[in-house]
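Here is the structure we will look at.
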Amino acid sequence: MTDAGKAQAGSVRVRFAPSPTGYLHVGGARTALFNWLFARKERGAMILRIEDTDAERNKPELLTGILEGLKWLGVDWDEGPYYQSERTELYQAAGKKLLANGSAFLCYCPPEKYVGGDHAEEGGEGTKVRRIVRCSCRDGKPSTPGTKPAVRFKVPVGGTTKFFDAVFGEREFSNEEIEDFVLLRSGKDGEEFGQAMYQMSVVADDIDMRITHVIRGADHISNTPKQVLLYRSLGAEPPIFAHVPLILGPDKSRLSKRHGATDVNMYKREGFLPEAFRNFLALLGWSPGGDEEFLRTSQLLEKFSLQGVSRTNGVFDRAKLEWFNTQYLQKLPIGDLLPEVEAQLKEDGLWKEEWAAGAGHGWFLKTVDLLRPRIRLLPDFSSWSRAFFSDEFAIDPAAKAKFWKDEKVPGLLAKLADALAALPEWNHDACDHAARKVAEEGGVKAGLLINATRVAIVGQAVAPPLFDTMVALGQERVVGRLRDALTEWK
RNA sequence: GCCGCUAUGGUGCAACGGUUAGCACGUAGCCCUUUCAAGGCUAAAAUACGGGUUCGAUUCCCGUUAGCGGUACCA
């Protein structure tokens, strides 16, 4: 037994096992999340295992992104990452054990003989047909001199293989449907056998790591009987399986790049809050049973159960994800939001150290709180709200066209600037009274002046309520910006 | 083709034999209003189809259809 197997005995042990052949797909992310929630809920262990046995397709550099995505999601682990590429002896030993106890056999057939393909004669044009289920080598006879054998599992003839799935219930497959699958590839050059195949390595690892619950995508359901057969032949008890339904695109086909972003790091970059994303993802294919759906991480942890996992594939609905994000932007304790905003402003070069502590921090907190009801994504803090954090901002032509079209506007703004400059106290009500007075004296509705002023001081048609905005910006900047705005008419 | 899984409004989920089939997103309208959001209210919108079982089916069984998954010396 390796190090992996020695840790805490008894309790629940789950694993997330990505393979570095791509980025962290939202489907994989959800599988990781469910494993993590289950492990934490059950006070068990979460193990991270990298399934990199396919040297051909494996790209080590992709692992960084996968780990980054997991970190962003808040999925951590107690053991690992273990790399299957470093555990090949374990799989070789398992394969040889099966060979020795008669559960497997040496196969000398050329690989092409087995590869399924288009077989027009049997099923009609372009139909895929499986060519071979039982290999003729299984009874030990034919050895082709000079060729290196692969190790195949000797699937029982007749009978069925059953397993328990916490989501789908008791399952039973006919062994006649299971082909004599490869355990160890045929060896190259000096080696006896080549790299282990997926079925061999997962089972060997899951036994060695004493995994109690295998939570993974439903695309593995039909692999499961093969694995159960391996557990038995290796003298081990199979774990409890829990297959999670797949995530689909809007057209109900399996979610892929052509549906838009499928890499979780894309959502990170777009500026979604990790907790919002997590909440959304948790509810795609799982439900606590009732109507609640705004569930913070602590509540997810409290309510998660495999019984609540759905059996139907679900469509990834970006609109709902965005809704969750705006909800979190508004409802999160401000203290939880501030670090996210700070990171965003830093990234966009707008951050000022004075906001880190003291009075500056107080201002920062109040300003973020003022802005957040209107924010959709984190980067909006530095784009849409730029005028709050920087004096360099542009005046939106469309806003100008909409709210500066009355020719009284320049005169009104000039008077307002003077009135505001004269205020001894700078607060919401003082600004409010001053503005309404200017509007009244100018013979216009307050709204006309208010809207025009908003454009002048933040450059946009949309912003938080004007007098709150004025307080946030401060007297000096507001007056200055009003006067600067007048130059727009010259 | 074969094997398997699934089937509640456009979408995500509730209802685990008895409800006027509930909630949320989205959509439409109204209210609020200082812009835009948010918020409040209202509306349209579903048990895929056909057979059973049952006093009674969204719920249990069978079939059909559809979607998805698998069918590799990929994972």
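The table for this structure:
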read-out: Answer residue from the stretch A:1-58, given it is in a loop (DSSP other than H, G, I, E, B), of a type in the set (D, E, K, R) and at pLDDT below 90 and is nearest to the chain's Cα centre (by Cα) among those; value: A:Asp52
read-out: The stretch A:268-278, residues that are open to solvent by less than 10 Å² (accessible area, probe 1.4 Å) and either free of Cβ contacts under 8 Å to residues at least 24 places away in the same chain or among the aliphatic types (A, V, I, L, M) (or both); value: A:Leu273, A:Ala276
read-out: Count of the stretch A:294-307 residues which are farther than 29 Å from A:Leu337 by Cβ and assigned to a helix (DSSP H, G or I); value: 2
read-out: Helices (runs of 4 or more DSSP H) contained entirely in the stretch A:371-461, each with at least 2 residues that are open to solvent by less than 10 Å² (accessible area, probe 1.4 Å) and closer than 29 Å to A:Asp348 by Cβ; value: A:386-389, A:446-458
read-out: Residue pairs meeting the criteria (Cβ under 7 Å; at least 6 apart or on separate chains; first under 16 Å from A:Val75 (Cβ atoms) and part of a helix (DSSP H, G or I), in the stretch A:279-293; second within 6 Å of RNA strand B (Cβ to nearest atom) and of a type outside the set (S, T, N, Q)); value: A:Phe280/A:Lys320
read-out: Breaking point among (1) within 13 Å of RNA strand B (Cβ to nearest atom); (2) assigned to a helix (DSSP H, G or I); (3) closer than 21 Å to A:Leu365 by Cα, for A:Glu476; value: (1)
read-out: A:Lys252 part of a loop (DSSP other than H, G, I, E, B), open to solvent by 60 Å² or more (accessible area, probe 1.4 Å), touching a residue at least 60 places away in the same chain (Cβ under 8 Å) and over 22 Å from A:Ser11 (Cα atoms); value: yes
read-out: So A:Gly126, is it under 37 Å from the mean Cα position of the chain (by Cα), modelled with pLDDT under 90 and more than 9 Å from RNA strand B (Cβ to nearest atom); value: yes
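Here's the yes/no breakdown for (1) open to solvent by less than 30 Å² (accessible area, probe 1.4 Å); (2) more than 15 Å from RNA strand B (Cβ to nearest atom):
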| site | (1), (2) |
| --- | --- |
| A:Leu62 | no, no |
| A:Gly65 | yes, yes |
| A:Leu70 | yes, yes |
| A:Glu79 | yes, yes |
| A:Tyr83 | no, no |
| A:Gly95 | yes, no |
| A:Gly102 | no, yes |
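The values are calculated or read from the model by the stated rules, or taken from the named source; none is laboratory data. The shown structure was predicted, so the numbers you read here are calculated from the model rather than taken from an experiment. So basically every Cβ, Gly included, is an ideal-geometry build from the backbone, and we count neighbours across all protein chains shown. Surface accessibility is based on the protein's heavy atoms, side chains included, excluding ligands, DNA and RNA. Shrake-Rupley method; radii C 1.70, N 1.55, O 1.52, S 1.80 Å.
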